[in-house]
Amino acid sequence: MDATTGGLTDAQQQAVSQTKGPVLVLAGPGSGKTTVVTRRISHLIESGIPPWQILALTFTNKAAGEMRDRVLALIDEEKVNVRGLTVSTFHAFCARILRQWGDRIIGTNTFTIYDTSDQKSAVKEAIKACDLSDSNWRPASVLAAISTAKNKLIDPVTFESEAYDFYSKSIAKLYRSYDEILRGNDAVDFDDLLMKTAQLLQRDEEVRGNL
């Protein structure tokens, strides 16, 4: 055993040491998933995989920082160059892609990222623009419905085409208005970062080939 596989169970060692094909690790909290991922990254680099071909994504900045620190602690940087290794959050990685290629999907590379307060202001503006009442259409509920659609990669046009009752048709109007407000302000929200990146990668072969 070495620093990469020492102290791991047989299943964990298998996940760390396999370098060909996909590996799915299903485990509960505190079961060592991060350990497996970081040691797998270390093993890939030490096996000759260029660091710039490795991408590790997680949900929070804290987790990304911890993951990167743990990888670097496993690697002798005097012997192995880890330049180009990307350990990031999903949103930060998608924002980086859109800063470079965003003009192809949202018309700009210099967008502003709306926070929760900005989103709330924008959806209130959308409710007003659609001649609806925010007492009947709560901004938080409207944003939740739009977020659900975006997480399913459903854009305003598709959502509108699939709306079949008063509620969904009203949300479709609000979604379209909200989206127009964001675009008019060269802005995206956090869900846009994920959805627009996914759409860009699906539609643009050149972008896929340059990542």
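The values are calculated or read from the model by the stated rules, or taken from the named source; none is laboratory data. Fair warning: this is a prediction, and the values are worked out from it, not measured in the lab. Cβ sites come from the backbone with ideal geometry, for glycine too, and all protein chains shown count toward neighbours. The protein model used for the area step is the full one, side chains on, heavy atoms only, and it has no ligands, DNA or RNA in it. Shrake-Rupley method; radii C 1.70, N 1.55, O 1.52, S 1.80 Å.
In the stretch 161-196, what count of residues is obtained for those that are outside any helix (DSSP H, G or I) and exposed (fewer than 15 other Cβ atoms within 10 Å of the Cβ)? Walk me through it before giving the result.
Taking the stretch 161-196 as the starting set, the residues that turn out to be outside any helix (DSSP H, G or I) are 163-165, 185-189.
Remaining after also requiring exposed (fewer than 15 other Cβ atoms within 10 Å of the Cβ): 164-165, 185-186.
Counting residues in the stretch 161-196 that are outside any helix (DSSP H, G or I) and exposed (fewer than 15 other Cβ atoms within 10 Å of the Cβ) gives 4.
Please verify whether the stretch 3-16 includes one or more residues that are within 22 Å of Leu211 (Cα to Cα) and either open to solvent by 50 Å² or more (accessible area, probe 1.4 Å) or over 24 Å from the mean Cα position of the chain (by Cα) (or both). Show your work before the answer.
As a first pass, look at the stretch 3-16 and keep what is within 22 Å of Leu211 (Cα to Cα): none.
No: the stretch 3-16 contains no residue that is within 22 Å of Leu211 (Cα to Cα) and either open to solvent by 50 Å² or more (accessible area, probe 1.4 Å) or over 24 Å from the mean Cα position of the chain (by Cα) (or both).
In the stretch 50-71, how many residues are surrounded by 17 or more Cβ atoms within 10 Å (Cβ to Cβ) and either closer than 18 Å to Thr4 by Cβ or of a type in the set (Val, Ile, Thr) (or both)?
Residues in the stretch 50-71 being surrounded by 17 or more Cβ atoms within 10 Å (Cβ to Cβ) and either closer than 18 Å to Thr4 by Cβ or of a type in the set (Val, Ile, Thr) (or both): 8 in total.
Any residue at all in the stretch 30-40 that is surrounded by fewer than 17 Cβ atoms within 10 Å (Cβ to Cβ) and hydrophobic (A, V, I, L, M, F, W, C)?
no
Suppose the filter is farther than 26 Å from Trp52 by Cβ and among the small types (Gly, Ala, Ser); does Gly209 pass it?
On the way: farther than 26 Å from Trp52 by Cβ: no; among the small types (Gly, Ala, Ser): yes.
When the stated conditions are applied, Gly209 does not pass them.
When you scan the stretch 45-52, do you find a residue that is of a type in the set (Gly, Ala, Ser), more than 24 Å from Leu193 (Cβ to Cβ), in contact with a Ser or Thr (Cβ under 6 Å, 6 or more places away or on another chain) and not in a strand (DSSP E or B), even just one? Walk me through it before giving the result.
Looking only at the stretch 45-52, we keep the residues that are of a type in the set (Gly, Ala, Ser), and these are 47-48.
So of that shortlist, the ones also more than 24 Å from Leu193 (Cβ to Cβ) come out as 47-48.
Now restrict to residues that are in contact with a Ser or Thr (Cβ under 6 Å, 6 or more places away or on another chain): 47.
Applying the additional criterion that residues be not in a strand (DSSP E or B) yields 47.
Looking for residues that are of a type in the set (Gly, Ala, Ser), more than 24 Å from Leu193 (Cβ to Cβ), in contact with a Ser or Thr (Cβ under 6 Å, 6 or more places away or on another chain) and not in a strand (DSSP E or B), one finds at least one in the stretch 45-52, hence yes.
For residues that are in contact (Cβ under 8 Å) with a residue 24 or more places away in the chain, within 20 Å of His91 (Cβ to Cβ) and outside any loop (DSSP other than H, G, I, E, B), scanning just the stretch 130-160, find the one that is most open to solvent (accessible area, probe 1.4 Å). Before the answer, list the steps.
To start, the set of residues in the stretch 130-160 that are in contact (Cβ under 8 Å) with a residue 24 or more places away in the chain comprises 130, 132, 137, 142-143, 145-147, 149-151, 153, 155.
If we keep only those that are within 20 Å of His91 (Cβ to Cβ) as well, we get 143, 146-147, 149-151, 153, 155.
Now restrict to residues that are outside any loop (DSSP other than H, G, I, E, B): 143, 146-147, 149-151.
On the way: Leu143: 33, Ile146: 3, Ser147: 31, Ala149: 4, Lys150: 3, Asn151: 95 Å².
Per the stated criteria, the residue is Asn151.
Looking at this structure, is Leu85 out of contact with any Leu (no Cβ under 8 Å at 6 or more places or on another chain), open to solvent by less than 30 Å² (accessible area, probe 1.4 Å), touching a residue at least 40 places away in the same chain (Cβ under 8 Å) and not charged (D, E, K, R)? If you could, list the steps in order and put the result at the bottom.
Working: out of contact with any Leu (no Cβ under 8 Å at 6 or more places or on another chain): yes; open to solvent by less than 30 Å² (accessible area, probe 1.4 Å): yes; touching a residue at least 40 places away in the same chain (Cβ under 8 Å): yes; not charged (D, E, K, R): yes.
Here the answer is yes, as Leu85 does meet what is asked.
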